[in-house]
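Q: I am attaching a structure below and will ask some questions about it afterwards.
The values are calculated or read from the model by the stated rules, or taken from the named source; none is laboratory data. Computed from a prediction, not measured in an experiment: that's the story for all the values here. Note that we place each Cβ from the backbone using ideal geometry, even for glycine, and neighbour counts take in every protein chain shown.
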Amino acid sequence: MSARPDRAELGLGAGKKARMYRILHAEASGGRRAWHDLSPRQRRWLVLLGAVQAGLLAAALRDVVQRSAAELTAPKPVWVGACFVNIVGPLAYFLFGRRGASCVERRRARA
């Protein structure tokens, strides 16, 4: 017999029954919830964090490509791979992956 109750066993109205079933199913699947189970506030936070992650990734990859290998603390392929580790990778690159001249000094040298 299944540990999850059948929809008919929940004894709720049709809408409440479906919502309760989704909640119970989410708990049975390790706590993961579907997008429609999230509150509007939670959805906004996820979109905001996704945008921050995408922006950091784009900025870090652009910086890795533009810098010479001598200005990096590890080979370029290592930092490119590290940048794809959620938010932690780009932050690690910006904190520990660069050495040498700052971007302002590099711009002055180009001009």
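Q: Six or more apart or on different chains, Cβ atoms under 7 Å: show the pairs whose first residue is in the stretch 40-66 and closer than 25 Å to GLY81 by Cβ and whose second is among the charged types (D, E, K, R).
A: VAL64/LYS76
Q: List pairs: first residue in the stretch 67-85 and assigned by TED's automatic domain parsing to the domain that holds GLY97, second residue among the basic types (Lys, Arg) and loosely packed, with under 12 Cβ neighbours inside 10 Å anywhere in the structure, Cβ distance under 9 angstrom, at least six positions apart or on different chains.
A: Note: pairs meeting the criteria are ALA70/ARG99; GLU71/ARG99; LEU72/ARG99; THR73/ARG99.
Q: Something else about it: Against the conditions (1) modelled with pLDDT under 70; (2) within 20 Å of PHE94 (Cα to Cα), where does ALA58 fall short? Just the number, please.
A: Of (1) modelled with pLDDT under 70; (2) within 20 Å of PHE94 (Cα to Cα), only one is false for ALA58: (1).
Q: Tally time: how many residues in the stretch 77-101 are farther than 20 Å from GLY55 by Cβ and at pLDDT below 95?
A: 3
Q: I need the full set of residues from the stretch 60-99 which are more than 29 Å from LEU46 (Cβ to Cβ) and in a loop (DSSP other than H, G, I, E, B), in order please.
A: ARG67, SER68, THR73, ALA74, PRO75, ARG99
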